Amino acid sequence: MSNEAKYKRVILKLSGEALAGDVGFGIDPKIILSISEQIKEIADLNVEVAVVVGAGNIWRGKTGSEMGMDRATADYMGMLATVMNALALQDSLESLGVGTRVQSSIEMRQVAEPYIRRRAIRHLEKKRVVIFAAGTGNPYFSTDTTAALRAAEIEAEVILMAKNNVDGVYSADPKVDEAAVKYDRISYLDVLNEGLAVMDSTASSLCMDNDIPLVVFSITEIGNIKRVVLGEEIGTVVRGK
């Protein structure tokens with residue numbers, strides 16, 4: 001296989017759970033370092049890398065809402081948790097010599113730059129990894145939607161959705177249904193019509209409307225991020241209508 005990247009600019013979407021490892025909660029330094037090493041691998045291929053990280057390892061706004069908390073307050077707490085994950089990832093990347101910037105949708109100048117689209121693009125052009133934190137800055141929107149929105153804004157060629165519990169898109173939950181079939185390719189329209197839990201419907205619609213392809217793959221196998229960037233067919237490709 002060629003060592004030439006298929007994509008020039010990508011958004012890597014990491015779930016918060018991916019940072020927690022087997023413990024399922026908090027931040028596992030070994031996991032963060034492993035992910036950082038994989039990001040460095042693709043940055044070394046001159047790929048411009050932006051990262052959107054979730055917060056499920058620390059806090060979920062939806063869970064807070066279900067406990068009776070005001071939904072907007074619960075979601076803002078989730079956004080702040082993504083900043084903690086972003087700073088941990090930044091620290092790990094910079095320990096490997098990778099220039100990194102965290103941009104937050106909620107202004108907190110002491111720890112991160114405010115999100116400014118043109119500045120983010122300039123960082124990417126200078127081969128810095130940009131980590132988008134604090135979601136969209138608005139409650140009721142997921143970090144999946146953040147990834148779709150930022151991908152459209154910075155004109156990323158693809159969203160790489162790294163999962164820690166599944167290796168692609170299935171017709172049903174493979175842990176529950178033994179007859180579940182894995183798709184190699186599927187359209188956003190089919191994802192929406194079949195109610196497949198790939199991204200929430202807002203994120204899927206945004207990707208579909210802006211023709212942004214999505215690759216869903218497992219991050220538990222080390223080296224998979226590079227394999228996807230080099231064009232190896234792993235996981236599931238979601239695109240078009």
request  = Please list the non-local residues whose amide H lies under 5 Å from the amide H of VAL158, H modeled 1.01 Å from N, same-chain partners needing a gap of 5 or more.
outcome  = ILE11
request  = Please build a GNM for the chain, connecting alpha carbons under 10 Å apart, and tell me which residue among SER95, SER105, SER142 fluctuates the most.
outcome  = SER95
message = Cut-off 10 angstrom, C-alpha nodes, Gaussian network model of the chain. Which of PHE25, PHE132, PHE217 fluctuates the most?
response = PHE25
note = Once MET67 and GLU37 are pulled to full extension, the length gained, defined as 0.36 nm per residue separation minus their Cα-Cα distance, is 7.0 nm
note = Under a Gaussian network model of the chain whose springs join Cα atoms within less than 10 Å, the largest fluctuation of ARG109, ARG60, ARG71 belongs to ARG109
message = With +1 assigned to the C-beta of every Lys and Arg and -1 to the C-beta of every Asp and Glu, and no other charges, what is the dipole magnitude of the chain about the Cα centre in debye, to the nearest 20?
response = 820
inquiry  = For a quick check: with amide H placed at 1.01 Å from N, whose amide H comes under 5 Å from LYS6's, ignoring anything fewer than 5 positions away on the same chain?
reply    = LEU230, GLY231
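Which net charge results when you count Lys and Arg as +1 and Asp and Glu as -1 among the other residues whose beta-carbon is under 15 Å from that of VAL166?
On the way: positive: LYS13, LYS163, LYS175, LYS182; negative: GLU17, ASP144, ASP167, ASP173, ASP177, GLU178, ASP184, GLU221.
Once all neighbours under 15 Å are counted, the net charge is -4.
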inquiry  = Full-extension gain between ASP209 and ILE234, please, as 0.36 nm times their residue separation minus the C-alpha to C-alpha distance.
reply    = 6.6 nm
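How large is the dipole of the range 154-212 about the Cα centre if only Lys and Arg carry +1 and Asp and Glu carry -1, each at its Cβ, rounded to the nearest 20 debye? Can you show the working numbers first?
Details: 4 positive and 12 negative charges, 36 e Å.
Using Cβ point charges on Lys, Arg, Asp and Glu, the range 154-212 gives about 180 debye.
Quick one: length gained pulling ARG118 to ASP173 fully straight, 0.36 nm per residue minus the C-alpha distance?
Details: separation 55, 0.36 × 55 = 19.80 nm, distance 3.97 nm.
So the chain would gain 15.8 nm between ARG118 and ASP173.
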ask   = Among the aspartates and glutamates, which fall within straight-line cross-link reach of LYS226, defined as a Cα-Cα distance under 17 Å, with same-chain neighbours fewer than 8 residues apart omitted?
value = GLU4, GLU37, GLU41, ASP44, GLU48, GLU157, ASP167
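What net charge is computed for the residues neighbouring THR202, neighbours being all others with C-beta under 12 Å from the C-beta of THR202, Lys and Arg scored +1, Asp and Glu -1? Don't jump to the answer; show the numbers that get you there.
Numbers: positive: none; negative: ASP144, ASP200, ASP209.
Net local charge, THR202 excluded: -3.
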task = Provide the net charge surrounding ALA74, with neighbours chosen by a C-beta distance below 13 Å and charges set as Lys +1, Arg +1, Asp -1, Glu -1.
result = 0
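Here, each number is a calculation from the coordinates, and none is a lab measurement. Just so it is clear, the model here is predicted, and its values are computed rather than measured. Quick reminder, even Gly has a Cβ in these numbers, built from the backbone with ideal geometry, and neighbours come from all protein chains shown.
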